[in-house]
Amino acid sequence: MTRISVTVDGTTYEDEVEPRLLLVHYLRDRLGLTGTPVGCDTSNCGACTVDLDGESVKSCSVLTVQADGSEVTTIQGLARDGEWHPLQQAFHERHALQCGYCTPGMIMAARDLLRENPDPGPRQVREALEGNLCRCTGYQNIVRAVLAASGQEVST
């Protein structure tokens, strides 16, 4: 067992974890933060994307011990005081989800994009999200939602 200290969604946790424990399983099983889904468990789908020290990462490809001393933000940590994050609101308003399985990862990856490029074009949005898969083929509305969250209104 290895002792870690990690801040998740603003709360600091000190735990003993097995060195092989994946961050996605720590978040879900130990902390009960089930908003981050286990998708493919191979880092292909991006459903488990979280923010780790200011960068979006696929949490199924990060060991929990690698997050020691770090700050993690999950999809559940985006809402503040009962108010959705603008990306969460835009996904809801633009119908950018169907089954919802990919949505947490899409939103977290889009958040990373908008931090780096607050005014992206549709091509930049598509490129930024290419590591996240939507099995329901909701890509058009996902792109529209990200653009709307950046302040751009896109006609359908």
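Just so you know, all these numbers are worked out from the coordinates, no wet-lab data involved. All values reported here derive from a predicted model rather than from experimental measurement. Cβ: placed from backbone, ideal geometry, glycine included. Neighbour counts: every protein chain shown.
Points worth noting:
- A straight line joining the Cα centroids of the range 118-149 and the range 1-65 runs 24 Å.
- Kyte-Doolittle mean at least 0.0, axial Cα span of 18 Å or more - DSSP H helices of the chain: 103-116
- Each residue of the range 62-72 was assigned a 3J(HN,Hα) from its phi angle through the Karplus expression (A = 6.51, B = -1.76, C = 1.60, θ = phi - 60°), giving 10, 6, 4, 5, 6, 8, 4, x, 9, 10, 10 Hz with x at Gly and Pro.
- Using the Cβ-Cβ distance between residue 63 and residue 136 with R0 = 30 Å, the FRET efficiency computed as 1/(1 + (r/R0)^6) comes to roughly 0.45.
- Read-out volume of the Cα convex hull per residue in Å³, derived from the coordinates shown; its label in [x] 133; [y] 113; [z] 102: [z]
- Additional length obtainable on full extension of the chain from residue 152 to residue 85, 0.36 nm per residue less Cα span: 22.5 nm
- Label-point separation, residue 42 to residue 18 (7 Å along Cα→Cβ), nm: 2.2
- For the chain, modelled as a GNM whose springs connect Cα atoms under 10 angstrom apart, the maximal fluctuation among 49, 11, 103 occurs at 11.
- Contact order normalised by residue count of the range 68-156, Cα under 8 Å, 6+ apart, percent: 36
- Residue 116/residue 3 FRET efficiency (R0 30 Å; Cβ-Cβ; nearest 0.05): 0.35
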